[in-house]
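Input: a single structure, listed below in structure tokens.
The values are calculated or read from the model by the stated rules, or taken from the named source; none is laboratory data. This is a predicted model, so every value here is computed, not measured. Here the Cβ positions follow ideal geometry from the backbone for every residue, glycine too, while neighbour counts run over all protein chains shown.
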Amino acid sequence: MRRVCAWCNKFMGNTDAEDGPVGNVTHSICDECADNLDFQLGVTLQRYLDSLKMPIILVDCAGNVLKANSMARDLAGTPQEQAGRGWEGKIYECAHSRLPERCSQMFHSSGCTIRFAATETYTTGRNITAVPALLNGCSSSQVTCDYLISTKLVNGIVQLMIEQA
């Protein structure tokens with residue numbers, strides 16, 4: 001039987017089960033969709049950064065490294081202990097953040113804004129400055145933002161700055 005993700009329809013391999021007819025499909029959930037479900041409930045910034053498929057570090061306004069994902073630590077040779085301070089809140093992402101068409105809302109949650117800004121910076125090299133973000137949930141109506149998200153690319157590593165609005 002073929003295994004596919006029940007959320008995104010990604011092929012996840014064949015099962016070894018011989019009790020089902022050939023060509024039938026069984027459903028499961030892939031790691032990325034499982035992460036997305038967790039992220040809608042909120043996760044630590046460290047877990048969120050580690051889920052991104054690019055080297056990324058959190059810096060303060062002076063450029064000091066506060067957190068780094070495993071890709072950035074490997075690239076820069078920074079041990080986990082030296083990149084574990086700062087930012088204690090949770091990061092939230094909406095159900096649409098990983099879709100090719102992304103979320104259609106005007107204002108995005110913290111995780112969505114980080115993902116969109118970091119991906120844009122990593123793929124184009126373009127700096128993103130002070131994009132408003134909401135703590136949890138995306139919205140099309142005018143709301144007071146909770147954070148300002150900025151990113152820039154330095155030596156192949158995305159530097160992320162999160163400021164309280």
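Things worth noting here:
- Lone unmet requirement of (1) buried (at least 16 other Cβ atoms within 10 Å of the Cβ); (2) under 14 Å from the mean Cα position of the chain (by Cα); (3) not in a strand (DSSP E or B) for VAL158: (3)
- Here region 139-155 is the region considered, the condition is being of a type in the set (A, V, I, L, M, F, W, C) and modelled with pLDDT under 90, and the residue that is surrounded by the most Cβ atoms within 10 Å (Cβ to Cβ) is CYS145.
- Flag: HIS96 does not match the condition of being modelled with pLDDT under 90, under 18 Å from the mean Cα position of the chain (by Cα) and not in a loop (DSSP other than H, G, I, E, B).
- Neighbours by Cβ (under 9 Å, 6+ apart or cross-chain): first from region 54-78, at positive phi; second of a type outside the set (A, V, I, L, M): GLY63/GLN159
- Single unsatisfied condition, PHE11 versus (1) modelled with pLDDT of 85 or more; (2) under 19 Å from TYR92 (Cα atoms); (3) not aliphatic (A, V, I, L, M): (2)
- Residues located in region 22-43, provided they are out of contact with any strand residue (DSSP E or B) (no Cβ under 7 Å at 6 or more places or on another chain) and either without any contact (Cβ under 8 Å) to a residue 60 or more places away in the chain or β-branched (Val, Ile, Thr) (or both): VAL22, GLY23, ASN24, ASP31, ALA34, ASP35, LEU37, ASP38, GLN40, LEU41
- Checking each residue in region 116-138 for being surrounded by 15 or more Cβ atoms within 10 Å (Cβ to Cβ), more than 12 Å from LEU160 (Cα to Cα) and among the small types (Gly, Ala, Ser) picks out ALA133, GLY137.
- Checking GLU163, GLU88 one by one, the residue that is modelled with pLDDT under 90 and more than 15 Å from the chain's Cα centre (by Cα) is GLU88 and no other.
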